[in-house]
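Below is one structure, written out as structure tokens; the observations come after it.
The values are calculated or read from the model by the stated rules, or taken from the named source; none is laboratory data. Everything quoted here is computed from the prediction, not taken from an experiment. Positions of Cβ are generated from backbone atoms using ideal geometry, with glycine treated the same way; all protein chains shown enter the neighbour counts.
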Amino acid sequence: MTLPTAVKRVAVLGAGTIGASWVAWFLAKGLQVDIWDPKPEAEAYVRRSITDAWPAMSALGMAADASPDAWRFHPSPEDAVAAADFVQENAPERLPVKRALYGRIDMALRPDAILGSSTSGLIMSEMQAGFRSAPRLAVGHPFNPPHLIPLVEVVGGRETAPETIAWCLEFYRHIGKKPIHIRKEARGHLANRLQAALWREAVSAVVTGLASVEDVDTAISAGPGLRWAAMGPHMTFHLGGGEGGIEHLLAQFKPAFESWWETMSTPELNEENCRKIIDGVRAEAAGRSMAELVRERDAILLPLLALVSGKP
Ligand SMILES: NC(=O)c1ccc[n+]([C@@H]2O[C@H](COP(=O)([O-])OP(=O)(O)OC[C@H]3O[C@@H](n4cnc5c(N)ncnc54)[C@H](O)[C@@H]3O)[C@@H](O)[C@H]2O)c1
């Protein structure tokens, strides 16, 4: 097995939104990237994505001395993975599609190659079952766009070898990501479950008339969201306890949190409630195009990333 710190060549299977962004990141880290995607337009899309991603990565000092040209497309997934130390799989989020792809590459992978799947919610135990390479398959779930957001969730399936998990954690760390180990399989892994829990309450707030879509968004972006970029919810509450820390916070606020949790429920995403969310978001966007909104977000996100990238 190639040492995670000695990887030179990676394959990217599926080069859509996530795959193309991974390509940009791998290139920025000086790796040679072999790509396969069945869509004829994918090559042009990858080229555009690298061009778009490069200035931001360079501005953040993440692409020093790297070449944006060290990639090539292959005619089949078997060809693309043949020389790879590591494969990042980003095929469409459907179990039969991923399994068909794993079936194709099972014998073509080098016997020591490791694969990380970008899947947002599929279960690795179901994806890997029956393949020779199963012990070397894990989830390596990034956040959009992977060339900017540091988090990668590493999850093993029933047949994933513990060495594969350790290898993936070290590899992602080595290439400048912030990997975490999710110790059990769960739909949505961890970070999307956290997002889903918050969004459940955000949707509830709108459909029950507690606040407008815009005010719910401000409640996070001008409130706890600022602290969450600096540290997570537990450490934030440790500080919330003052000198007494988390012990004091729990003693003081436990009854309050328990009574708030009791009042929370799951909203239905029926037509009427979806309409309330859509109308609220459209009103908040106030005619700004998607490109304008992305620019506004990145004007904040890039300096924020520069700040948090030095965090241990
Ligand atoms: N979009 C996100 O925000 C996000 C975030 C994290 C993880 N993911 C995960 O990344 C994966 C890809 O999602 P995406 O958003 O990039 O989708 P996408 O639709 O943008 O891209 C999928 C790509 O896969 C290609 N493809 C089609 N059939 C294929 C096959 N059999 N084998 C390989 N590639 C094939 C398509 O041509 C397309 O280019 C999914 O597993 C998804 O859950 C998505």
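Structure summary
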quantity	calculated
Yes/no for Glu201 being out of contact with any helix residue (DSSP H, G or I) (no Cβ under 6 Å at 6 or more places or on another chain), within 30 Å of Ile123 (Cα to Cα) and either in the same structural domain as Gln128 (by TED's automatic domain parsing) or at pLDDT below 95 (or both)	no
Residue within region 70-82 that is closer than 21 Å to Ser117 by Cβ and of a type in the set (S, T, N, Q) present	yes
Only listed residue being in a loop (DSSP other than H, G, I, E, B), free of Cβ contacts under 8 Å to residues at least 12 places away in the same chain and in the same structural domain as Ala63 (by TED's automatic domain parsing), chosen from Gly130, Gly209, Gly176	Gly130
Condition check for Ser120: outside any helix (DSSP H, G or I), within 16 Å of the ligand (Cβ to nearest atom) and closer than 26 Å to His174 by Cα	yes
Any hit, region 84-92, residues being within 30 Å of Leu305 (Cα to Cα), loosely packed, with under 15 Cβ neighbours inside 10 Å, touching a residue at least 40 places away in the same chain (Cβ under 8 Å) and not polar (S, T, N, Q)	yes
Region 68-94, residues that are in a loop (DSSP other than H, G, I, E, B) and in contact with a helix residue (DSSP H, G or I) (Cβ under 7 Å, 6 or more places away or on another chain)	Pro68, Ala70, His74, Asn90, Ala91
Residue in region 163-171 that is outside the structural domain of Ile300 (by TED's automatic domain parsing), within 13 Å of the ligand (Cβ to nearest atom) and within 27 Å of Leu60 (Cβ to Cβ) present	no
Residue among Ser21, Ser58, Ser49 that alone is farther than 23 Å from Ser133 by Cα, part of a helix (DSSP H, G or I), at pLDDT below 95 and polar (S, T, N, Q)	Ser58
Test set (1) closer than 25 Å to Glu153 by Cβ; (2) of a type outside the set (A, V, I, L, M); (3) more than 13 Å from the ligand (Cβ to nearest atom) - Pro68 fails condition number	(1)
Those residues of region 24-41 which are out of contact with any strand residue (DSSP E or B) (no Cβ under 8 Å at 6 or more places or on another chain) and either within 11 Å of the ligand (Cβ to nearest atom) or in a loop (DSSP other than H, G, I, E, B) (or both), in sequence order	Lys29, Gly30, Pro38, Lys39, Pro40, Glu41
Evaluation of Ala100 against (1) surrounded by 15 or more Cβ atoms within 10 Å (Cβ to Cβ); (2) among the hydrophobic types (A, V, I, L, M, F, W, C); (3) within 16 Å of the ligand (Cβ to nearest atom); (4) part of a helix (DSSP H, G or I) (one fails), failing number	(1)
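Conditions tested, residue by residue: (1) surrounded by 14 or more Cβ atoms within 10 Å (Cβ to Cβ); (2) in the same structural domain as Cys168 (by TED's automatic domain parsing); (3) in contact with a Gly (Cβ under 7 Å, 6 or more places away or on another chain); (4) under 24 Å from Arg104 (Cβ atoms).
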residue: Trp22; (1), (2), (3), (4): yes, yes, no, yes
residue: Ala42; (1), (2), (3), (4): yes, yes, no, yes
residue: Ile50; (1), (2), (3), (4): yes, yes, no, no
residue: Met57; (1), (2), (3), (4): yes, yes, no, no
residue: Leu60; (1), (2), (3), (4): yes, yes, no, no
residue: Ala64; (1), (2), (3), (4): no, yes, no, no
residue: Trp71; (1), (2), (3), (4): yes, yes, no, yes
